[in-house]
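> Submitted below is the structure of interest, expressed as structure tokens.
The values are calculated or read from the model by the stated rules, or taken from the named source; none is laboratory data. Small disclaimer: the values here were computed from a predicted structure and weren't measured. Don't worry about glycine lacking a Cβ; one is built from the backbone with ideal geometry, like all the others, and counts go over all protein chains shown. The protein model used for the area step is the full one, side chains on, heavy atoms only, and it has no ligands, DNA or RNA in it. Shrake-Rupley method; radii C 1.70, N 1.55, O 1.52, S 1.80 Å.
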Amino acid sequence: MQILDGKKTSEDIKNEIAAEVQSIKAAGGKVPHLAAVLVGNNGASLTYVGSKVKSCEQIGFDSTLVALPEDITEADLLAKIKELNEDDNLDGYIVQLPLPKHIDEEKILLAIDPDKDVDGFHPTNFGRMALEMETFIPATPFGIMQLLERYKVETAGKHTVVIGRSHIVGRPMSILMSRKGNPGDSTVTLTHSRTKNLEEFTKNADIIITALGVPEFLKGDMVKDGVVIIDVGITRVDDASNSKGYVIKGDVDFDEVSKKASFITPVPGGVGPMTIAMLLQNTLLARKIRSRK
Ligand SMILES: Nc1nc(=O)c2c([nH]1)NC[C@@H]1CN(c3ccc(C(=O)N[C@@H](CCC(=O)O)C(=O)O)cc3)C=[N+]21
């Protein structure tokens, strides 16, 4: 069994990006600039946005945190987005999800300039991804593809079972694994909350990608020997014995499933850190595309 080490791999990727930033600078070019829009102050969102800002500093990007009040109106948020779209000094930005209930998420995502949409959530970019064109691949799925590539996990002709059909993880993951190329060329089954006899699928899977948010859902008797496990679940579970007051749990019962797996991602330290690295990779791509224009 081999651990797919997202912490280490994300550091490798960040070092590669940092080296590119140095050569951009040496050539007198402009360094990439990423902004994150955060509405309200949800604890997990704050942690995540904070580590993005820290990573930007670490690799030499410019970064801006746009913190807005929980009760901002949809019109004011749209005005802010227009401002970011028009800011020639900014290469890419993300609007941290979920947004407060009084704001229409779809309306916001549609307002983001696709050229600055480093999350890859705009329909233009999602469509480009499905059509195998150059675009911003959503960071979490992109990070998973990088882990599979860098650890040389075989995916061609394999049966990949994705659990969960979210627009951010499950749905794009199912598309990426079925695309031509390596990693890819997989035969994909996309399962979800209405799937009957889920175990029939997981027991026959060569690769399982879970994005469910149910701690330790996937048990040892639900998988076959040699399976490849990608655990995208991150749920904070209260734990008074921990100094933070919580522990982070994945969708996979790691103790049980790791005994049968050929490769497995840990939680924490698996897919999570990769998400941040790939957001930075997308921002570098945004800078390159803008410098061509
Ligand atoms: N517009 C937008 N784009 C996103 O990509 C996006 C989002 N909104 N909203 C929330 C989710 C979640 N997400 C995570 C990224 C990294 C970790 C991460 O680094 N996790 C660490 C643990 C961090 C901790 O202590 O909580 C790990 O797994 O090792 C977690 C979660 C990005 N998301």
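> I'd like the distance separating the alpha-carbon centroids of segment 44-118 and segment 183-211, in whole Å.
Taking the Cα centre of each part, segment 44-118 and segment 183-211 sit 33 Å apart.
> Could you give the dipole magnitude of the chain about its Cα centre, charging the beta-carbon of Lys and Arg +1 and that of Asp and Glu -1, in debye to the nearest 20?
On the way: 35 positive and 41 negative charges, 118 e Å.
Magnitude of the dipole: close to 560 debye.
> Restricting the count to DSSP beta bridges whose residues both fall in segment 139-272, what percent are antiparallel, rounded to a multiple of 5?
On the way: 4 of 20 bridges.
Antiparallel bridges make up about 20 percent of those DSSP assigns within segment 139-272.
> Then there's this: Solvent-accessible area per residue for the chain at a 1.4 Å probe radius, Å²?
Result: 47 Å² per residue.
> May I ask you to work out the translational diffusion coefficient for segment 217-293 at 25 °C, viscosity 0.890 mPa s, via Stokes-Einstein with Rh from the Kirkwood sum over Cα pairs, reported in whole µm²/s?
167 µm²/s
> Using every Cα-Cα pair within the chain, state what percent have a distance larger than 36 Å. All intermediate terms of the calculation are to be shown ahead of the outcome.
Details: 6909 of 42778 pairs.
Of the Cα pairs, 16 percent sit more than 36 Å apart.
> Let me ask another. Over segment 234-293, what percent of the accessible surface lies on carbon and sulfur atoms, probe 1.4 Å? Don't jump to the answer; show the numbers that get you there.
Values: 1530 of 2900 Å².
Ligands and nucleic acids excluded, carbon and sulfur reach 53 percent.
> Restricting things to alpha carbons, tell me how big segment 39-177 is in terms of Rg and Dmax, in Å.
Cα-based Rg and Dmax for segment 39-177 come out at 16.4, 49 Å.
> Can you tell me the alpha carbon radius of gyration of segment 139-272 divided by the globular rule-of-thumb value 2.2 N^0.38 Å?
Details: Rg = 14.3 Å, N = 134, 2.2 N^0.38 = 14.1 Å.
Taking the Cα Rg and dividing by 2.2 N^0.38 Å, one obtains 1.01.
> Give Lys152/Lys249; Lys101/Lys249; Lys80/Lys107 a once-over and call out the pairs whose C-alpha atoms are over 20 Å from each other.
Over 20 Å apart, Cα to Cα: Lys152/Lys249; Lys101/Lys249.
> With unit charges on the beta carbons (Lys and Arg positive, Asp and Glu negative) and the dipole taken about the Cα centre of the chain, which residue among Pro114, Leu65, Leu4 sits farthest to the positive side?
Going by the Cα projections, it comes out as Leu4.
> Still on this structure, please answer the following. Whole number please: convex hull volume per residue of the Cα set in segment 28-113, in Å³?
Cα-based convex hull of segment 28-113, divided per residue, equals 81 Å³.
> So which lysines can Lys260 reach, going by Cα to Cα under 16 Å and dropping same-chain residues fewer than 8 places off?
Cross-link targets: Lys203, Lys219, Lys224.
> Which one, Thr195, Asn242, Val223, projects farthest toward the positive side of the charge dipole computed for segment 139-272 from Cβ point charges (K/R +1, D/E -1)?
Thr195
> Identify all lysines with a Cα-Cα distance to Lys25 below 17 Å; exclude those on the same chain that are fewer than 8 residues away in sequence.
Lys14, Lys288
> For segment 139-272, what does the relative contact order come out to in percent, with C-alpha contacts under 8 Å and a separation of six or more?
Contact order relative to length: 21 percent.
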